[in-house]
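To start, I am sharing the structure in question, which I have written as structure tokens.
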Amino acid sequence: MSDIVKPVEDLTEAEAQAELARLAQEIAEHDRRYHGEDDPIISDAEYDALRLRNAAIEARFPELVRADSPSLKVGVVPSATFSSVAHSVPMLSLDNVFSGEDVMDFVASVRRFLAWPADQELVFTAEPKIDGLSMSLRYENRRLVTAATRGDGTTGENVTANIRTIGEIPQQLPADAPDVIEVRGEVYMRRDDFFALNQRMAETGRVFANPRNSAAGSLRQIDPEVTRSRPLRFFAYAWGETSETLGETQFDVVRRFADWGFTINDGMQRCRSIEEILTHYKAIEAERAALPYDIDGVVYKVDRLDLQARLGFRSRSPRWATAHKFAAEKATTVLTGIDIQVGRTGAMTPVARLEPVTVGGVVVTNATLHNEDYIRGIGNSGQPIREGRDIRVGDTVLIQRAGDVIPQILDVVMEKRPADAVPYVFPERCPDCDSHAVREEGEAVRRCTGGLICSAQAVERLRHFVSRNALDIEGLGEKQIAFFFNSEDPALQIRSPADIFTLKARQEKSLTKLENVDGFGTTSVRKLFAAIDERRKVEFSRFLFALGIRHVGETNAKRLARHFISFSELRRVSEAAIAPKDKGDKGNADWQELNGVSGIGAIVAESVVEFFAEDHNREAVEALLTEVTPLDEKPVGTVETPVSGKTVVFTGSLEKMSRDEAKAMAERLGAKVAGSVSKKTDLVVAGPGAGSKLKLATELGIEVIDEDQWFERVGGA
DNA sequence: AAACCTCGAGGTCG
DNA sequence: CTCGAGGTTT
């Protein structure tokens with residue numbers, strides 16, 4: 001590097017370009033020496049200075065960012081990774097409610113599900129919702145063996161070494177604790193401790209935004225000794241797997257945790273009515289500011305554990321609990337502009353650019369505006385939102401972070417609207433490819449019709465293809481995709497999914513090498529090719545999801561994969577399927593098979609059929625299949641129960657459970673629940689007052705039992 | 001009508 | 001990781 005360093009602001013574009021090139025090479029060289037030869041020739045401070053300089057120049061000339069920029073490097077800096085832990089009992093999130101009315105709905109839905117008589121008392125617990133990170137602590141033979149974060153609810157990160165440094169968490173449980181117990185709760189940091197920590201950290205130039213992030217950051221340290229120096233605490237309030245029954249009520253079990261040495265929150269209380277619940281909510285809300293830690297609401301749970309078991313779970317949350325959130329903090333700021341983003345489906349989403357403002361502990365600069373109607377003040381079903389006030393550039397707007405997370409524009413301060421502010425005109429052409437953008441009848445989104453010629457869509461489709469839950473190719477992020485897509489060199493270009501897999505071969509034949517020309521670095525190039533090769537065999541459902549067919553997300557891809565087992569079978573049926581043309585028509589057998597897959601309706605089925613009907617899609621898939629093999633879906637291991645695989649119909653009135661509960665129970669046991677009796681029905685459960693369905697069942701010779709016999713039959717399962 | 005799914009978005013940390 | 005809007009299925 002030259003001795004005289006010109007201030008970044010004085011650099012010309014050409015100078016900046018030259019310097020970025022030099023920095024990329026230089027930093028790569030130091031990385032190589034540092035990691036490979038363990039013989040660094042400059043100090044860490046000098047090295048940091050180089051990277052800072054690189055970042056500063058890139059910030060001023062974003063268009064000059066090189067694909068091999070040190071700021072994008074993959075695989076050079078070892079990232080903090082923890083091993084993963086599968087939760088034996090999933091760690092679900094809670095449903096949210098925001099008003100007293102919502103609370104009443106929640107209680108009503110619980111009562112309805114249990115068919116609980118109106119005059120009979122139903123007890124709930126209510127406790128402050130701590131704003132921290134949920135954690136699962138597994139004890140075997142009364143010793144702490146694993147501590148895991150929630151992760152996606154199924155699999156979390158193993159942070160045991162760090163958790164052991166928290167004084168409030170017992171390493172050892174007393175003799176009366178079960179052999180196996182997962183105690184769950186919240187790791188958090190008190191506000192005063194957070195301020196003190198930030199004061200200490202201020203010298204390093206990096207501080208945390210709020211106690212919650214502070215706790216999260218402290219827990220993800222590679223070195224447990226760093227975590228030890230952070231004032232983390234823990235409240236126990238729930239549990240996962242246990243080897244024995246812990247008690248009869250939520251309240252009693254949590255109190256037992258206290259006996260074992262855990263800290264429990266003293267704000268937890270039993271409530272016997274909606275009135276008591278709301279009174280306690282108000283009490284906690286009033287106390288909120290005086291508490292030494294952050295809370296973001298109140299959690300209600302059905303107290304009796306036998307009732308919790310009956311209520312069970314929805315796909316992502318228990319039916320027996322909910323979180324009553326406090327009103328989010330609000331702020332006003334100025335809307336400086338509205339940009340349009342084009343997604344992989346062509347959806348044009350308006351994004352608000354805001355004067356930076358701090359809300360709820362973080363700086364907000366962007367907020368989604370969802371769609372054209374939302375800006376105009378029109379809601380989902382045509383009714384006015386914000387009393388019909390539209391949003392204009394220049395407006396002063398009221399914002400909040402929905403659920404304390406996602407920035408949202410709530411309203412416009414009309415008194416502050418500039419006199420020259422004009423209504424926002426939603427573009428009717430794509431900002432990227434200038435194609436017409438159309439709004440389908442009855443839809444809220446406007447979509448670019450550019451399809452193949454729209455590079456914004458193409459890039460988004462590729463990003464989707466390589467994303468975490470699709471092909472999951474490490475080292476191909478947003479920046480890299482954009483670079484390969486825009487590359488002029490045929491040996492480097494990636495325009496379609498198949499191109500990803502031919503990249504290495506094209507490279508080898510070409511004179512331009514990725515590690516030379518763009519200096520990705522030998523290591524990162526090797527890693528990238530390895531990551532790509534790893535995906536040449538991939539689960540059918542991931543492959544299908546990656547294709548980006550409309551309405552086929554993760555869940556529907558899984559459903560289709562489970563049904564068709566192989567990709568070729570799905571393709572065969574989809575190409576042969578003929579959708580119904582008018583009302584009387586039912587389509588052919590292939591259509592009916594597709595449409596008959598559980599959870600797949602006409603709209604989704606049609607979307608799949610249309611995808612395979614397009615020549616260019618078929619060509620793209622064909623090209624991809626020469627490189628990638630989707631593996632046949634493994635048949636799901638079904639648990640054998642007396643009713644698994646059976647189609648069951650409930651009719652008449654049920655006395656011990658509601659219809660919903662009966663349905664959930666039957667489905668949990670692997671049965672399919674139908675609404676009407678047909679020759680496909682295997683079993684009818686009839687209560688008093690059963691009429692035509694019972695009659696039909698008898699006529700068809702289908703087995704009929706009553707509610708008690710149902711319980712006898714499935715009692716063991 | 002309720003529950004579920006898709007899709008696109010924002011912010012923080014490592 | 002999380003949210004909200006809009007759409008789909010049952």
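Of A:LYS282/A:LYS330; A:LYS581/A:LYS634; A:LYS479/A:LYS527; A:LYS129/A:LYS672, which ones are farther than 26 Å apart at the Cα?
A:LYS581/A:LYS634; A:LYS129/A:LYS672
I'd like the GluC sites (Glu not before Pro) in region A:242-289 restricted to DSSP loop residues with at most 10 other Cβ atoms within 10 Å, sorted by number.
A:GLU244
Taking the radius of gyration and the Kirkwood hydrodynamic radius from Cα positions alone, what is the Rg/Rh ratio for region A:454-535, to two decimal places?
On the Cα set of region A:454-535, Rg over Rh gives 0.93.
Under a point spin-label approximation (7 Å from Cα along Cα-to-Cβ), what is the A:ASN380-A:VAL357 distance to one decimal in nm?
Each label point lies 7 Å from its Cα, and together they span 2.6 nm.
How large is Rg/Rh for region A:95-325, to two decimals, with Cα atoms and a Kirkwood Rh?
Rg/Rh: 0.98.
If you don't mind, another one. Among the aspartates and glutamates, select those whose C-alpha is under 12 Å from the C-alpha of A:LYS656, and discard any that sit fewer than 8 residues away in the same chain.
Hits, sequence-local ones excluded: A:ASP706, A:GLU707, A:ASP708.
For A:SER598, A:SER678, A:SER541, give me the order by solvent-accessible area with a 1.4 Å probe, most accessible first, ignoring ligands, DNA and RNA.
Descending accessible area places them as A:SER598, A:SER678, A:SER541.
Next question, about the same structure. Taking a ≥ b ≥ c as the square roots of the eigenvalues of the Cα gyration tensor of region A:157-262, is the shape rounded (a/c under 1.5), prolate (a/b larger than b/c) or oblate?
Prolate, because a/c is 1.5 or more and a/b exceeds b/c.
Right, here's the next one. At 1.4 Å probe size, what's the solvent-accessible area of A:VAL89? Round to the nearest 10 Å².
Spelled out: A:VAL89, probe radius 1.4 Å, area about 50 Å².
Next question. Can you pull out the cysteines in chain A that have no other Cys Cβ under 4.7 Å?
So, A:CYS271.
May I pose another question? Among all the lysines, which ones have a C-alpha under 16 Å from A:LYS679's C-alpha, if same-chain residues fewer than 8 places away are not counted?
A:LYS646, A:LYS693, A:LYS695
Nearest-5 percent of antiparallel DSSP beta bridges in region A:95-325?
For region A:95-325, the DSSP antiparallel bridge percentage is about 95.
So what's the net charge close to A:ALA290: Lys and Arg +1, Asp and Glu -1, counting the other residues with Cβ under 13 Å from its Cβ?
Local charge sum for A:ALA290: -1.
What number do you get for region A:396-544 when its Cα radius of gyration is normalised by 2.2 N^0.38 Å, N = residues?
After normalising by residue count via 2.2 N^0.38 Å, the value is 1.44.
Still on this structure, please answer the following. Sequence gap at least 6, Cα distance under 8 Å: using those rules, report the relative contact order of chain A to the nearest whole percent.
For chain A, the relative contact order is 9 percent.
Further question on the same structure: Mind checking the full-extension length gain between A:GLU287 and A:THR263? Use 0.36 nm per residue of separation minus the Cα-Cα distance, one decimal, nm.
Stretched fully, the A:GLU287-A:THR263 segment lengthens by 6.7 nm.
Still on this structure, please answer the following. Between A:ASN469 and A:ASP708, what FRET efficiency follows from the Cβ-Cβ distance if R0 is 51 Å, with the result rounded to 0.05?
Efficiency for this residue pair is about 0.70.
Tell me the mean residue ellipticity at 222 nm calculated for chain A from its helices only (DSSP H runs of n ≥ 4, each -39500 (n - 2.57), averaged over every residue, nearest 500).
Result for chain A: -10500 deg cm²/dmol, rounded to the nearest 500.
Explain nothing, just the number: dipole magnitude of chain A about its Cα centre with +1 on each Lys and Arg Cβ and -1 on each Asp and Glu Cβ, in debye rounded to the nearest 20.
Computed about the Cα centre, the dipole is about 1020 debye.
I need the calculated FRET efficiency for the pair A:GLN493 and A:GLN172, taking r as the beta carbon distance and R₀ as 51 Å, to the nearest 0.05.
Step by step, r from the Cβ atoms, then E = 0.25.
Based on Cβ point charges of +1 for Lys and Arg and -1 for Asp and Glu, what charge dipole magnitude is obtained for region A:110-255 about its Cα centre, in debye rounded to the nearest 20?
Dipole of region A:110-255, to the nearest 20 debye: 600 debye.
Subtracting the Cα-Cα distance from 0.36 nm times the residue separation, let me have the gained length for A:GLU610 to A:ALA331 in nm, one decimal.
Contour length minus Cα-Cα distance gives 95.9 nm.
Sticking with this structure for a sec: I want the local charge near A:GLY240. Using Cβ-Cβ distances under 9 Å, sum +1 for each Lys or Arg and -1 for each Asp or Glu among the other residues.
Taking every Cβ under 9 Å from that of A:GLY240, the sum is 0.
Same structure again: In nm, what is the difference between 0.36 nm times the number of residues separating A:ARG550 and A:THR512 and their Cα-Cα distance?
Extra length available between A:ARG550 and A:THR512 comes to 10.0 nm.
What fraction, in whole percent, of alpha-carbon pairs in chain A exceed 49 Å separation?
Roughly 27 percent, rounded to a whole number.
Rounded to whole Å, give me the distance from the Cα center of region A:601-633 to that of region A:219-290.
49 Å
Under 19 Å from the 7 Å Cα→Cβ point of A:ALA86, by amide nitrogen: which residues of region A:466-501?
A:469
Please report the spacing between the Cα centers of region A:680-717 and region A:101-171 in Å, no decimals.
37 Å
Applying the Karplus parametrisation 6.51 cos²θ - 1.76 cosθ + 1.60 with θ = phi - 60° to the phi angles of region A:169-183, what ³J(HN,Hα) value in whole Hz is obtained for each residue in order, glycine and proline being reported as x?
The phi angles translate into 9, x, 7, 9, 9, x, 4, 7, 7, x, 5, 10, 8, 9, 8 Hz.
Enumerate the amide H contacts of A:GLU140 below 5 Å, restricted to partners 5 or more residues apart or on another chain; note that Pro and chain-start residues carry no placed amide H.
A:VAL145
Report, ordered by chain and residue number, the aspartates and glutamates lying within cross-link reach of A:LYS504, taken as a straight Cα distance under 16 Å and ignoring same-chain residues fewer than 8 apart.
Hits, sequence-local ones excluded: A:GLU474, A:ASP489, A:GLU515, A:ASP518, A:ASP533, A:GLU534, A:GLU627.
On a C-alpha basis, how far is the centre of region A:449-507 from the centre of region A:358-407 in Å? Whole number, if you could?
Result: 33 Å between the Cα centres.
The values are calculated or read from the model by the stated rules, or taken from the named source; none is laboratory data. In this text the structure is predicted, and so the values were computed from the model without any measurement. FYI the Cβ positions are ideal-geometry reconstructions off the backbone, even for glycines, and counts take in every protein chain you see. Please note that ligands, DNA and RNA were not included when accessible areas were found on the heavy atoms of the full protein model with its side chains. Shrake-Rupley method; radii C 1.70, N 1.55, O 1.52, S 1.80 Å.
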